[in-house]
Amino acid sequence: MNKIDMRVDFAGISMKNPIVVASGTYGFGREFGEFYDISQLGGISCKGLTFTPREGNPPPRVAETPMGILNSVGLQNPGVDEFIAKELPELRKHDLCVIANISGNTPEEYALMSEKLSRAGVDMIEVNVSCPNVKCGGLQYGVVPELAAEVTAAAKRSATVPVMVKLSPNVTDITAIAKAVEAAGADAVSLINTVRGMRIDVKTRRPVLKMNTGGLSGPAVLPIAVRMVWEVSNAVKIPVMGMGGVSTGEDAAQLMLAGATAVAVGTANLVDPFAALRVRDELAEIAAAQQLTAVRELTGGVLPW
């Protein structure tokens, strides 16, 4: 097999390979570090952080589906200050890109967290816009271009590291949101977040999740992710991190061909702790089989009919 150059440049950050683990599926890396050295990854997008600690939603809050899972965990996390004090020092012992995923109720919270995390030494901030804006009656930031742009601008004003915005697929036109956050200064976008779904227990006639609905992730959403990554990559000039249903190297290759520079592995980590490394190696094999010298040559390589 040809030796493939796996390095990629993502929004000015050099990563040894394009494989990142998605927020909410890998914690802060401690547990997976018992299986292998997480420095083998290109990066880690940490468990989503909020300004203050959150206990999350009541159980049941995770349920299997035939091709993935539904979750309504509700952003359970220790809060940004606890992360900086206890988790970040451990992560900084590893040679990988550390991405802090943040969620807020107001632009001011996003700004404060961006400032704290930049000063603490993360490599990138991932702004989760799938959160309710308390000033607009709970309307999600990510479904209205103007609101997504407002949050992006607030984070950018306070951050001294690249800011990536994580886009929700639960919109009519994801390119409108992508263009809005690009115009507001985003250095990159990541997509897709989970797709809103629901299951009902026929015997009890109750929803399987306490909160009724949840986010669908896993192999079922891969075709949606490929389509949206392709649309967004053709609509903006900033780099794209593709995610959603990735469990094989071929899945990752599809997202890169659609336009992604980097790829995040999410739900697959919950099934196989070595999933991200396997995806990395399978991706290298695909690149070698196609006589490429570098994996980045896949990006945007989809051919028209």
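A few comments on the model shown:
- Candidates Ala111, Ala155, Ala289, ranked by Gaussian network fluctuation over the chain, Cα under 10 Å, top entry: Ala289
- FRET E, pair Arg157, Asn105, Förster distance 25 Å, beta-carbon r, rounded to 0.05: 0.90
- Karplus (6.51, -1.76, 1.60) ³J(HN,Hα), θ = phi - 60°, over the range 243-250, in Hz, Gly and Pro reported as x: 7, x, x, 6, 9, 9, x, 5
- Taking a Cβ cut-off of under 15 Å around Phe274, the surrounding Lys, Arg, Asp and Glu residues balance to a net charge of -4, with basic ones at +1 and acidic ones at -1.
- Nearest-20 debye value, the chain charge dipole, Cβ charges on Lys, Arg, Asp, Glu: 620 debye
- Over the range 39-165, the reciprocal of the mean inverse Cα-Cα separation, the Kirkwood hydrodynamic radius, stands at 15.3 Å.
- Taking a Cβ cut-off of under 12 Å around Glu115, the surrounding Lys, Arg, Asp and Glu residues balance to a net charge of +2, with basic ones at +1 and acidic ones at -1.
- Within the accessible area of the range 99-235 (1.4 Å probe), percent carbon and sulfur: 52 percent
- Carbon and sulfur %, accessible surface of the range 247-305 computed with the full protein complex present, 1.4 Å: 59 percent
- Accessible surface for the chain, divided over its residues, is 45 Å² per residue with a 1.4 Å probe.
- Protein accessible area in the range 23-64, 1.4 Å probe - carbon and sulfur %: 52 percent
- Applying 0.36 nm per residue to the separation of Ala294 and Arg196 and subtracting their alpha-carbon distance, the gain on full extension is 31.7 nm.
- Charge tally in the Cβ shell below 14 Å around Arg30, where Lys, Arg are +1 and Asp, Glu are -1, Arg30 excluded: -2
- Alpha-carbon spread of the chain, three principal axes, descending order, Å: 53, 50, 43
The values are calculated or read from the model by the stated rules, or taken from the named source; none is laboratory data. Note that this is a predicted model, so its numbers are computed, not measured. Positions of Cβ are backbone-derived with ideal geometry, glycine not excepted, and every protein chain shown enters the neighbour counts. Side chains are part of the model used for accessible areas, which takes the heavy atoms of the whole protein and leaves out ligands, DNA and RNA. Shrake-Rupley method; radii C 1.70, N 1.55, O 1.52, S 1.80 Å.
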